[in-house]
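Okay, structure first, notes after.
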Amino acid sequence: MKQHLSNNYHRYILFGLFLLLVWFVKYYYPYPVITWDTDYYVHHARTGDVGIRPAGYSAFLSWVHGYSSSPNTVVWLQFIAYFLSLLSLLEVFRIVFSIHKLLYIIIGFLMLAEPTGLYFANTIYSDLPFATLTFFYLATLLHYVSERKILYLLLHALALYCCLEIRFISLIYPLFSVFVLLFATRSFVMKALGILLLLYTFKYSYNRNVNMNDKAFGVPIHSCFSGWTQANNVMYALPRINTAPKYIKDPELRELHHRFMTYTDTVSNPIIAINTEHLWNPNGPLFPLAQIANDSLWTVMNPVPRFMEMFVVAPKLEKYGLYIQREYPYEFLMGYLLPNARTMLMPHIGEMGDYYLHTYLSDASKMYYNVQEGDIQCRKDVFRETINPVYEKWYPRRLVLFAIALVGVVYLLRRKSLNTKERVMLLIPIVFVAMFYALMIYSSWCIYRYILPVLPVMTIITIMIFVLAITKRKGQGLTAS
């Protein structure tokens, strides 16, 4: 028993600190957070209907509801999974770098204390589960590259599949995994086995969603969001484009360009700040297309399935969005990409600032969880009043520290201070963070919950590089009793 405690006390301490963090959150917010899209996920958990988002989180809610109708059961499972996922990631670094137990506790606590993670662990929302699965995805990939065990490859494929069924941004994950296996594994057989397994996992998930949408809406696409977000994003480039619609040969693109340019020229209060307002604004340029599609569908079916109009319109919106990006790359760069990159430096606080400002649940969803109006309360909105202002000031500084850490990596590589395994363990997460941010800049504006999958990763990478730069320079290691 003494030997067990001696070998594992740092894990017990870290778990105890995490329980304190959970107590802090649940003390101020005893009831789970209900926010904008909570009702969407609960509705689809309750009905099983196909929707505009991946079905994974609603399936999770439905599964939990089979055992307990309390939303607190959901968030407790989210807290547990969050802890285990970050612990699994931390364990990779402990094994490879033989981290001192005190340093292990410090890094682990800072990762677990990520405000966005703690807030959304207590929220009925898909962001925390997706981040949790991303940490498992990254941890299993690092474990596999480090130890070459087939079990880690299988677990990695499972984590990848779960990510694909939770958030569309994870469509880039298979490409990243294949890239890592190509360059970080030596055995041709293991490369081939791993790549085939991951590609099959991706293909199965992709085809499943295409077939599901085709059956529900008659539109064989993976997601309607791709087309709508592409169109939303190119709206910011249109004021810089002077091409008249008559010069566009494709009649479908010509009609859309005429509609959107007319809107741009006549709107009195154009949307300047990068966001998703064009998607949801009923007075915007995109929403009327959905209404036209809905009116047309009513002539051939009654009732029209929910969201069907978005799926019907999505392919031509994606076609238009890609056309603008291809034909006017400079205007797209200046109108959308560069302004959106600035939102990465100062993300919007998002739902972390609107705790229970409105009642978001429908009556049916309230019945699903046996919610009473008096249940939805908090002792003090400590995030909005205290934590968020500090967090927003800290975020740009952590980016600066991360940038300095990247310089530290170059320093360590030039000095040849790292062995092969250590180099791989640092470079894979760094490339992942860079890839994730680049994809965010291309696809969506930035709010903290969107970038949660990389925030704890940046924490561990930044600290590890600073510590390695100091200890390697002094000729010391990270180990200690």
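The values are calculated or read from the model by the stated rules, or taken from the named source; none is laboratory data. Nothing here was measured: the structure is a model prediction, and the numbers come from that model. Positions of Cβ are backbone-derived with ideal geometry, glycine not excepted, and every protein chain shown enters the neighbour counts.
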For the stretch 404-424, check the following and say yes or no: at least one residue is within 30 Å of residue 325 (Cα to Cα) and not small (Gly, Ala, Ser). no
Among the helices (runs of 4 or more DSSP H) lying completely within the stretch 161-276, list those that include at least 3 residues that are without any contact (Cβ under 8 Å) to a residue 60 or more places away in the chain. 173-184, 188-217, 251-266
Before we move on, is residue 251 modelled with pLDDT of 90 or more, over 30 Å from the mean Cα position of the chain (by Cα) and not aliphatic (A, V, I, L, M)? yes
Being under 27 Å from residue 72 (Cα atoms), hydrophobic (A, V, I, L, M, F, W, C), touching a residue at least 60 places away in the same chain (Cβ under 8 Å) and part of a helix (DSSP H, G or I) is the filter here, so list the residues in the stretch 96-154 that pass it. 109, 110, 111, 112, 118, 120, 121, 128, 130, 131, 135
Under 6 Å by Cβ, and 6 or more places apart or on different chains, what pairs join a residue from the stretch 366-385 that is modelled with pLDDT under 80 with one that is not in a helix (DSSP H, G or I)? 375/31; 376/31; 376/356
Applying the selection to the stretch 409-442, what residues are more than 18 Å from residue 456 (Cβ to Cβ) and of a type in the set (Ser, Thr, Tyr)? 411, 417, 420, 442
Please tell me if residue 232 is more than 15 Å from residue 322 (Cα to Cα), of a type in the set (S, T, N, Q) and at pLDDT 90 or above. no
Filtering the stretch 215-257 down to residues that are among the hydroxyl-bearing types (Ser, Thr, Tyr) and either surrounded by 19 or more Cβ atoms within 10 Å (Cβ to Cβ) or touching a helix residue (DSSP H, G or I) at 6+ places or on another chain (Cβ under 8 Å) (or both) yields 223, 226, 229, 236, 243
Do we have residue 360 as modelled with pLDDT of 90 or more and either farther than 30 Å from residue 183 by Cα or not in a helix (DSSP H, G or I) (or both) here? no
Let me confirm something: among 114, 91, which residue is over 20 Å from the mean Cα position of the chain (by Cα), among the acidic types (Asp, Glu) and in the same structural domain as residue 25 (by TED's automatic domain parsing)? 91
Looking at (1) surrounded by 15 or more Cβ atoms within 10 Å (Cβ to Cβ); (2) more than 30 Å from residue 376 (Cβ to Cβ); (3) touching a Ser or Thr at 6+ places or on another chain (Cβ under 8 Å), can you tell me which one residue 168 breaks? (2)
